[in-house]
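K.L.:
For reference, the structure I am asking about is given below.
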Amino acid sequence: MGKKDGGKGTVCAVGARGRAFFVRNVARRRPGTREELGAWVEKRLGVVVPDRAVCEGHNSPMDYLWHAFGGDFAPGGRASGDCVVWANRGGGKTRLAAIATLLDCWFKPDCQVRILGGSLEQSSRVYAEFAEFVRKGFETGLQGRLTGAGCRFVNGSAARILPQSDRGVRGVHVHKLRCDEVELFEPGVWAAAQFCTQSGAGIAAAVEAASTLHEPAGLMQRVLDRARGAGTPAFRWCLWETIETCTDRSCSRCPLDAYCQGKARQSRGYIRIDDAIGQMRRSSRADFESEVLCLRPSRRSAVFEEFDPGHHVGPTGYDSGLPLYRAIDFGFVNPFVCLWIQVDREGVVRVIDEYVRRKATIAVHAEEIRRRTPCGIERVAGTFCDPAGAGRNDITGTSPVQELAAMGIATRHRGSGILDGIARIRAHIRSADGRVRLRIDPRCERLITAMQCYHFPEATKAGASELPAKDGVHDHPIDALRYFFVNWGRNAKGEARKY
């Protein structure tokens, strides 16, 4: 966030008269609109919070701050204050969390706030920013000392640091939990943190998750995916919401122009343009697009690095003049996946539909496959599957392949290496001559996500494999697609059908 020189402010002093005087004289002056909030933060804290969304689909930092602060004062209150913040490096996440914490403690009596970072150092960094703001004339509202780990106000509110540990999180019950750099959290700690908050005293419980997005299948990606599915507010901003206004530079001569395209002329941020140019020159394109522009997670560990929804996703309906294929990956606890695929006369592989479901019987899957197949069985050129599906169950004495066959769905399979299938998919994502020969219909949401999140294990981890990680989520749609590629074109009978 941008600091304004000489921006120190004072608030009504509170002393020994205590809580009633504090609440009556301070809460009465709280900002009632986002415009008033922006003016209050600028005057009292010397910080200018950008309040303009520049990129399509993005938010401004003020959108988050108003959500975090203003929701508890909305008519009728709100059920939950949960939210996710995906923002750029240097995008003010830490400072905004500190400001939101001060606002909660200052204007919401009895509000209990805890700060949990990806490490104790990160938690301390948020708290240090908060303590800096408290010293701008808000010490008079404290009950006791401002320590290095927490403080309490005379209105009953308090803010403290939590350690990044399962033990440190369990047993905590507060109104607000602010989590910074979620990407760095231990999964077990994040899971335990979901039970830390509870509403009370007119304050809605809130778990706030803020981070850059580093890994295509990391914790922050999972948090974002769950938020979208649950309707939890997700705020996203990047360099163009936080860079200073460009007024006197020639676009054609600016190193940022390929990315900027005039966006900096609309921004009302604080990051110096020269600093952004320096970051771009020092970093790789992938890292700059991930860490600064928030376009996507870093692609360094992605298996399909060149997959781009802008090029590979688009309406792809069934064409009765083309062969239809199905590709199946078996699963019960892990998802069962079926893909419907056609190949056009230019050799473009078109994935037209998907079916993904856990914990259902083969009979249930078979019925759904028949229902969703857009043609009669005689027009299905092939149904390819996981070779492991031919293995007999020790209890039933049958295999998934046999069960499907008994229900009128004959399958074929061929053994192959994982990397062989991956190479075939890559060749269709973009061949050496630059051709794109893979297109996926937008309805195939799980496959599209998997294409972006399927990744190699971190090389820094002991025993890291050269094979992609099997995370139980993204590997199964990819496996089904692999089975199509390793079987398609290798069976003359299947390819000889006339339509």
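K.L.:
If you stretched the chain out fully between VAL348 and ALA406, how much longer would it get, using 0.36 nm times the residue separation minus the C-alpha to C-alpha distance?
P.N.:
Numbers: separation 58, 0.36 × 58 = 20.88 nm, distance 3.26 nm.
Taking 0.36 nm per residue and subtracting the Cα distance, the gain is 17.6 nm.
K.L.:
Assuming 0.36 nm per residue, please report the length gained on full extension of the stretch ASN393 to ARG281 beyond their Cα-Cα distance. All intermediate terms of the calculation are to be shown ahead of the outcome.
P.N.:
Numbers: separation 112, 0.36 × 112 = 40.32 nm, distance 5.75 nm.
Extending this stretch completely gives an extra 34.6 nm.
K.L.:
For VAL348, what charge total do you get from the other residues with a beta carbon under 12 Å from its beta carbon, if Lys and Arg give +1 and Asp and Glu give -1?
P.N.:
Details: positive: ARG345, ARG350, ARG435, ARG437, ARG439; negative: ASP319, ASP344, GLU346.
Computed value for this residue: +2.
K.L.:
OK, next. Calculate the FRET efficiency for ALA74 and ARG414 from the Cβ-Cβ distance with a Förster distance of 45 Å, rounded to the nearest 0.05. Please list the in-between numbers first.
P.N.:
Working: r = 59 Å, r/R0 = 1.32.
The computed FRET efficiency comes out at 0.15.
K.L.:
Next up: Taking every pair of alpha-carbon atoms in region 293-439, what share in percent sits in each 10 Å bin, from 0 to the bin with the longest distance?
P.N.:
Going out from 0 Å in 10 Å bins, region 293-439 shows 10, 35, 34, 17, 4, 0 percent.
K.L.:
Work out, step by step, the length gained on full extension between ALA360 and ASP225: first 0.36 nm times the residue separation, then minus their alpha carbon distance; give nm to one decimal. Can you show the working numbers first?
P.N.:
Values: separation 135, 0.36 × 135 = 48.60 nm, distance 2.33 nm.
Computed gain between ALA360 and ASP225 is 46.3 nm.
K.L.:
Around ASP257, under 12 Å between beta carbons, what's the net of Lys plus Arg minus Asp minus Glu among the other residues?
P.N.:
Values: positive: ARG249, ARG253, LYS263, ARG265; negative: none.
Taking every Cβ under 12 Å from that of ASP257, the sum is +4.
K.L.:
Out of all DSSP beta bridges in the chain, what portion is antiparallel? Express it as a percent rounded to 5. Kindly include the intermediate steps, with their values, before the conclusion.
P.N.:
Details: 21 of 55 bridges.
Of those bridges, close to 40 percent are antiparallel.
K.L.:
Evaluate the relative contact order of region 2-240 (contact order divided by residue number), counting alpha-carbon pairs under 8 angstrom at least 6 apart; express in whole percent. Mind dumping the intermediate values first?
P.N.:
Working: 469 pairs, mean separation 59.7, N = 239.
That works out to 25 percent.
K.L.:
Still on this structure: Which FRET efficiency value, to the nearest 0.05, is calculated for SER199 and HIS311 with the Förster distance at 35 angstrom and r the Cβ-Cβ distance?
P.N.:
Values: r = 45 Å, r/R0 = 1.29.
E between SER199 and HIS311, to the nearest 0.05, is 0.20.
K.L.:
Using a Debye calculation, one point per C-alpha and no hydration shell, please list log10 I(q)/I(0) for region 2-240 at q = 0.11, 0.13 Å⁻¹ in order.
P.N.:
Ignoring solvent entirely, the Cα scatterers give -0.52, -0.75.
K.L.:
Hey, got the dipole for region 225-283? About the Cα centre, +1 on K and R Cβ, -1 on D and E Cβ, debye to the nearest 20?
P.N.:
Details: 11 positive and 7 negative charges, 26 e Å.
Charge dipole of region 225-283: 120 debye, to the nearest 20.
K.L.:
When only Cα pairs under 8 Å and 6 or more residues apart are kept, what is the percent relative contact order across the chain?
P.N.:
On the way: 964 pairs, mean separation 65.0, N = 499.
Across the chain, relative contact order equals 13 percent.
K.L.:
Post the alpha-carbon centroid distance, region 47-64 to region 197-267, in whole angstrom.
P.N.:
When both Cα centres are located, 8 Å separates them.
K.L.:
Something else now. How are the alpha carbon pair distances in the chain distributed across 10 Å bins from zero to the largest one, expressed in percent?
P.N.:
4, 17, 23, 20, 16, 12, 6, 2, 0, 0
K.L.:
If you don't mind, there's one more thing I want to ask. If I model a spin label at ALA427 and ARG135 as a point 7 Å from the Cα along the Cα→Cβ vector, what separation in nanometres do I get?
P.N.:
6.4
K.L.:
So, R0 is 56 Å and r is the distance between the beta-carbons of GLU35 and ASP166; what FRET efficiency does that work out to, to 0.05? Can you show the working numbers first?
P.N.:
Values: r = 42 Å, r/R0 = 0.75.
The pair GLU35/ASP166 has a calculated efficiency of 0.85.
K.L.:
Turning to a different aspect of this structure: Suppose we keep just the alpha-carbon trace of region 39-109; what are its Rg and Dmax in angstrom?
P.N.:
Rg, Dmax (Cα atoms, Å): 12.6, 38.
Rule-based calculations on the coordinates, nothing more; no lab input. Quantities reported herein were computed from a predicted structural model and do not represent experimental measurements. Note: ideal-geometry Cβ built from the backbone for every residue, glycine included; neighbour counts use all protein chains shown.
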